Amino acid sequence: NAGVTQTPKFRVLKTGQSMTLLCAQDMNHEYMYWYRQDPGMGLRLIHYSVGEGTTAKGEVPDGYNVSRLKKQNFLLGLESAAPSQTSVYFCASSQGVTNTEAFFGQGTRLTVV
Amino acid sequence: AQSVAQPEDQVNVAEGNPLTVKCTYSVSGNPYLFWYVQYPNRGLQFLLKYITGDNLVKGSYGFEAEFNKSQTSFHLKKPSALVSDSALYFCAVRDRRGGSYIPTFGRGTSLIVHP
């Protein structure tokens, strides 16, 4: 049972570089989310998607873009990485019914130097 | 917007003692509340949820949570703590964004269980 899989698990970027984080889920979930976790800040929503081909902004979307071309995949892009984007990034998915819980990937630890 | 607050950054408890991790909520309408646990270097795992019905909700690993409407609280509890319960715990609420419902999390509480 793979659940939610994130790649890569670790990455170091130089300021100004770009990269894409991949999230894949095998549970046929409608909703997918990208969060970032920073000490003392909890989880903050970056972007989310309520279905294939749809995306929407969360609390902290600046500097990030997303795409959901296939239902099972949700990509998070950093166009020009900044040190403030050093964080742990989590992808999650849920069925989309309002009372169901979210399932999380193991996270991507990103350091921007 | 719906929100949850976790007033304690850290909770310390001795093994075998009961534990409580606090969460208060601010919602309009009926609250849909969740607890998750995060072990080191892992993603969040679902523990339990309150949707409606019985105010005492039972979940995984012997945890339970008490929904209290008058105090707008949803505290996580366990009768006897284990060292292996040491982890980061997040309270979450269903928040309405546009026409969708999205999980919104508290800042987390670090639970440390001492042998």
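The values are calculated or read from the model by the stated rules, or taken from the named source; none is laboratory data. Values in this document were obtained by computation on a predicted structure and should not be read as measured data. In this analysis, Cβ positions are derived from the backbone assuming ideal geometry, glycine residues included, and neighbour counts consider all displayed protein chains.
Within the stretch B:82-104, the set of residues being surrounded by fewer than 23 Cβ atoms within 10 Å (Cβ to Cβ) and either under 11 Å from the mean Cα position of the chain (by Cα) or more than 10 Å from chain A (Cβ to nearest Cβ) (or both) comprises B:L82, B:V83, B:S84, B:D85, B:S86, B:A87, B:L88.
Among the criteria (1) of a type outside the set (D, E); (2) touching a residue at least 60 places away in the same chain (Cβ under 8 Å); (3) crowded, with 19+ Cβ neighbours inside 10 Å; (4) over 15 Å from A:M32 (Cα atoms), the one A:G105 does not fulfil is (4). Among the residues of the stretch A:1-36, those identified as part of a strand (DSSP E or B) and farther than 16 Å from A:L78 by Cβ are A:V4, A:T5, A:A24, A:Q25, A:Y31, A:M32, A:Y33. Checked against (1) within 14 Å of another protein chain (Cβ to nearest Cβ); (2) farther than 25 Å from B:Y50 by Cβ, A:Y35 passes all but a single condition, namely (2).
In the stretch B:38-57, the residues that are over 20 Å from B:L88 (Cβ atoms) form Cβ pairs under 8 Å with partners that are in a strand (DSSP E or B) and among the polar types (S, T, N, Q), at six or more places apart or across chains, as follows: B:N55/B:N68.
Among residues belonging to the stretch B:105-115 that are more than 7 Å from every other protein chain (Cβ to nearest Cβ) and either touching a helix residue (DSSP H, G or I) at 6+ places or on another chain (Cβ under 8 Å) or buried (at least 18 other Cβ atoms within 10 Å of the Cβ) (or both), point out the one that is nearest to B:Y32 (Cα to Cα).
From the stretch B:105-115, those more than 7 Å from every other protein chain (Cβ to nearest Cβ) are B:109-115; that's our starting set.
Still in the running and either touching a helix residue (DSSP H, G or I) at 6+ places or on another chain (Cβ under 8 Å) or buried (at least 18 other Cβ atoms within 10 Å of the Cβ) (or both): B:109, B:111, B:113-115.
Details: B:T109: 20, B:L111: 23, B:V113: 28, B:H114: 32, B:P115: 35 Å.
Only one residue tops the list, namely B:T109.
Candidates are the residues of the stretch B:37-53 that are facing chain A (nearest Cβ under 8 Å) and under 16 Å from B:V4 (Cα atoms); the one that is surrounded by the most Cβ atoms within 10 Å (Cβ to Cβ) is B:K49. Taking the criterion of being farther than 21 Å from B:Q6 by Cβ and not in a strand (DSSP E or B), the residues of the stretch B:85-115 that qualify are B:G98, B:G99, B:P115.
Of all residues in the stretch B:94-105, exactly one satisfies the criterion of being under 15 Å from B:Q45 (Cα atoms) and hydrophobic (A, V, I, L, M, F, W, C), namely B:F105. Restricted to the stretch B:1-61, the set of strands (runs of 3 or more DSSP E) holding at least 2 residues that are modelled with pLDDT of 95 or more and touching a helix residue (DSSP H, G or I) at 6+ places or on another chain (Cβ under 9 Å) comprises B:44-50. Would the stretch A:48-65 turn up any residue that is within 17 Å of B:F90 (Cα to Cα), crowded, with 20+ Cβ neighbours inside 10 Å and within 13 Å of chain B (Cβ to nearest Cβ)? No, every residue in the stretch A:48-65 fails to be within 17 Å of B:F90 (Cα to Cα), crowded, with 20+ Cβ neighbours inside 10 Å and within 13 Å of chain B (Cβ to nearest Cβ).
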